[in-house]
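Novice: Shown below is the structure under consideration.
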Protein chains: 2
Amino acid sequence: MSTGSGSSARSRGRRPAGSGTREAIEKVARRQFAELGYPGTTMRGIAQEAGVDPRLVGHFFGSKQQLFVAVVELPFDPETVFDQLLAPDAPDLGRRLAGFVLGLLEDPRARNIVTGVIRAAASEKPAAEMVREMITTRLLLPLARRVGGTDPELRAALLGSQIVGLTFVRHVVGVHPLAEADRDRLVAAIAPVLDHYLTGPLGEAP
Amino acid sequence: MSTGSGSSARSRGRRPAGSGTREAIEKVARRQFAELGYPGTTMRGIAQEAGVDPRLVGHFFGSKQQLFVAVVELPFDPETVFDQLLAPDAPDLGRRLAGFVLGLLEDPRARNIVTGVIRAAASEKPAAEMVREMITTRLLLPLARRVGGTDPELRAALLGSQIVGLTFVRHVVGVHPLAEADRDRLVAAIAPVLDHYLTGPLGEAP
C-alpha cells in the first residue's frame with residue numbers, strides 16, 4: 001500500500017500521511033471497534049478521531065472490513081487459557097470451556113471483537129480466513145491436540161461450529177431465549193456438547 | 001413502496017413499471033438467488049433478465065439484502081418434514097434431523113437459500129428477523145414442541161445455534177475438514193448433540 005502524498009490531509013490542518021499515521025489510525029480503529037462494535041464504527045469516525053482525512057483511511061486499509069481484519073486482536077492469550085482449561089486438577093473440560101466462551105462474550109469489548117469477526121466473515125474473504133485460522137491454527141485445533149482425542153481436525157471444526165453458532169444466535173441475531181439466558185444455565189446445557197466434540201465417539205452411531 | 005413512474009424504463013424499451021413488473025422481478029430474483037447464490041446475484045443481473053431498468057429494482061425493493069428477504073422461500077414444507085422426522089416407526093430423531101439438515105445443504109439451490117439468509121442476517125436486520133422467525137416460529141420451536149421436552153423455547157434456540165453454526169462453518173466460511181467431510185460421518189458426529197438439545201437434561205451438570 002502507498003502512503004499517499006498527504007497533501008489533502010495537510011491542506012485542512014490534519015495529521016500528514018507520514019510516519020506514525022498508519023499506526024495512529026490502527027490504534028484508534030482498534031479502540032473504536034472494541035468500544036462501539038463493528039456496526040457502530042465508521043471509517044469517518046476513525047478518521048476524525050485520528051485527525052486524518054477520511055480518504056486516507058480508505059487509502060491505507062481499503063474497506064471497513066479490511067481495516068477491521070488488519071487491526072483486530074484476540075482479547076485473550078490462547079496458551080494461558082489452554083493451561084487453565086487443561087490444568088491437571090481441572091476435570092469437566094467441556095464445562096470449563098463453555099464457561100470461558102460464555103464469560104468472554106459477556107465482556108462488551110471482547111464480544112464486539114468476536115461478533116465483529118463473525119459478521120465480517122459472512123461476507124468478506126479476509127475475515128472468513130480469520131475464522132478459519134482461529135479454528136484450525138490458533139485456537140481450537142491446538143486445544144483439541146492437547147486434549148489428545150482421535151481426529152483433532154474434525155473435532156476442532158465441530159467445536160467451532162457450536163461456538164460460532166452460539167455466538168451468532170445469542171449475540172449477532174439475538175434469538176429468544178438464548179439471547180437473555182443465564183450464563184450458568186447455558187454452561188450446563190452446552191458443556192456435554194463440547195465434551196462430546198472434544199473426546200466423544202464421533203464416528204459411531206449414537 | 002411506490003411503483004414509480006417507469007418513464008426511465010420505458011424510454012429504453014424495457015418493461016414498464018406497471019402491473020406484473022414487481023412480480024416479474026421477484027420471480028427472476030428468486031431463481032437467481034437459488035442458482036447463483038447470494039454473493040453471485042446482483043441487482044443489475046436481476047434487472048437485466050427481468051427486462052427492467054436496474055434503478056427500478058432498487059426502487060421497488062431497496063437493497064439486495066431487502067430484495068433477498070422479500071423473495072426467499074423455504075426450500076421444503078416444514079409440516080411434511082416434521083411428520084417424517086417424528087413418524088412413530090422412526091427412532092433416532094437426532095440422526096434423522098442431522099441427516100435432513102446435512103442433506104438439504106448438499107442441494108445447491110437449498111444451500112444457496114440457507115447460506116444467503118445466514119450471510120444477510122450477519123449484517124441486516126430484516127434477515128436477522130428471518131433467522132429468529134425460523135428458529136422461534138416456523139421450524140425449530142414447532143419441532144421442539146412436538147417432541148415434547150421441557151423448555152422448548154430454549155431447546156429450539158440451542159438447536160438453532162448448532163444448525164446455524166454448522167452451516168456457517170461448513171458452507172459459508174468453509175473450515176477444513178468440516179467443509180469436505182462425508183455426510184454420514186457428520187450425521188453420526190452431530191446426531192447426539194441434536195438429541196441432547198431436543199430431549200436431554202439441559203439444566204443439570206453433565
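Novice: At a Cα cut-off below 19 Å, give the aspartates and glutamates reachable from A:Lys125, other chains included and same-chain residues fewer than 8 away excluded.
Specialist: The reachable aspartates and glutamates, counting only those whose Cα sits under 19 Å from A:Lys125, are A:Glu73, A:Glu133, B:Glu124, B:Glu180.
Novice: Can you tell me how the protein assembly as shown classifies by the Cα gyration tensor, rounded, prolate or oblate, using a/c under 1.5 as the rounded cut?
Specialist: Since a/c reaches 1.5 but b/c is at least a/b, the shape of the protein assembly as shown is classed as oblate.
Novice: Need the list of lysines near A:Lys27 for cross-linking: C-alpha distance under 18 angstrom, and skip anything on the same chain fewer than eight residues off.
Specialist: Straight-distance partners of A:Lys27: A:Lys64.
Novice: How far is helix A:183-199 tilted off the main Cα axis of chain A, in degrees rounded to 10, range 0 to 90?
Specialist: Between the helix axis and the principal axis of chain A, the angle is about 70 degrees.
Novice: At A:Leu74, with labels set 7 Å past Cα in the Cβ direction, how many nm apart are the copies from this one, shortest first?
Specialist: So the distances to the same position in the other copies read 4.0 nm.
Novice: Please list 3J(HN,Hα) in residue order for segment B:26-42, calculated via the Karplus relation 6.51 cos²θ - 1.76 cosθ + 1.60 where θ = phi - 60°; whole Hz, with x for glycine and proline.
Specialist: Along segment B:26-42, the couplings run 4, 5, 5, 4, 4, 5, 5, 4, 6, 8, 9, x, 5, x, x, 9, 10 Hz.
Novice: Name the chain B residue with the Cβ nearest the axis that maps B onto A: which is it, and what is the distance in angstrom?
Specialist: In chain B, the Cβ lying nearest the symmetry axis toward A is B:Gly165, 1.
Novice: Using the Karplus equation 6.51 cos²θ - 1.76 cosθ + 1.60 (θ = phi - 60°), what ³J(HN,Hα) coupling, rounded to whole Hz, does each residue of segment A:68-77 give in order, writing x for Gly and Pro?
Specialist: 4, 4, 5, 9, 5, 10, 4, x, 6, 9
Novice: Given label points at 7 Å from Cα along Cα→Cβ, what nm distances, shortest first, separate B:Gly58 from the same residue in every other copy?
Specialist: Spacings between copies for this position, smallest first, are 1.5 nm.
Novice: Compute the label-point distances linking A:Arg31 to its equivalents in the other copies; points lie 7 Å from Cα along Cα→Cβ; give nm, one decimal, shortest first.
Specialist: From this label point to the equivalent ones elsewhere in the assembly: 5.5 nm.
Novice: Heavy-atom accessible area of B:His176 with all protein chains present, probe 1.4 Å, nearest 10 Å²?
Specialist: 110
Novice: Please list, in order along segment B:127-141, the HN-Hα scalar couplings obtained from phi with the Karplus expression 6.51 cos²θ - 1.76 cosθ + 1.60 (θ = phi - 60°), rounded to whole Hz, x for Gly and Pro.
Specialist: 6, 4, 4, 5, 5, 4, 5, 4, 6, 8, 10, 8, 10, 7, 5
Novice: Between beta-carbons, use under 11 Å as the cut-off and find the net charge around A:Ala157, counting Lys and Arg +1, Asp and Glu -1.
Specialist: Cβ neighbours under 11 Å give a net charge of 0.
Novice: Give me the accessible area per residue for segment A:11-145, probe 1.4 Å, as a whole number in Å².
Specialist: 47
Novice: Over segment B:49-193, with every protein chain in place, what whole percent of the accessible area is carbon and sulfur at 1.4 Å, could you tell me?
Specialist: Carbon and sulfur atoms account for 51 percent of the accessible area of segment B:49-193.
Novice: Give the A-B buried accessible area in Å², both sides summed, 1.4 Å probe, nearest 100.
Specialist: Looking at A and B, the buried total is near 3700 Å².
Novice: Across all directions of projection, what mean area in square nanometres is found for the Cα convex hull of chain B?
Specialist: For the Cα atoms of chain B, the hull's average projected area reads 13.0 nm².
The values are calculated or read from the model by the stated rules, or taken from the named source; none is laboratory data. Remember, it's a predicted structure, so these values are computed and weren't measured experimentally. Cβ sites come from the backbone with ideal geometry, for glycine too, and all protein chains shown count toward neighbours. Side chains are part of the model used for accessible areas, which takes the heavy atoms of the whole protein and leaves out ligands, DNA and RNA. Shrake-Rupley method; radii C 1.70, N 1.55, O 1.52, S 1.80 Å.
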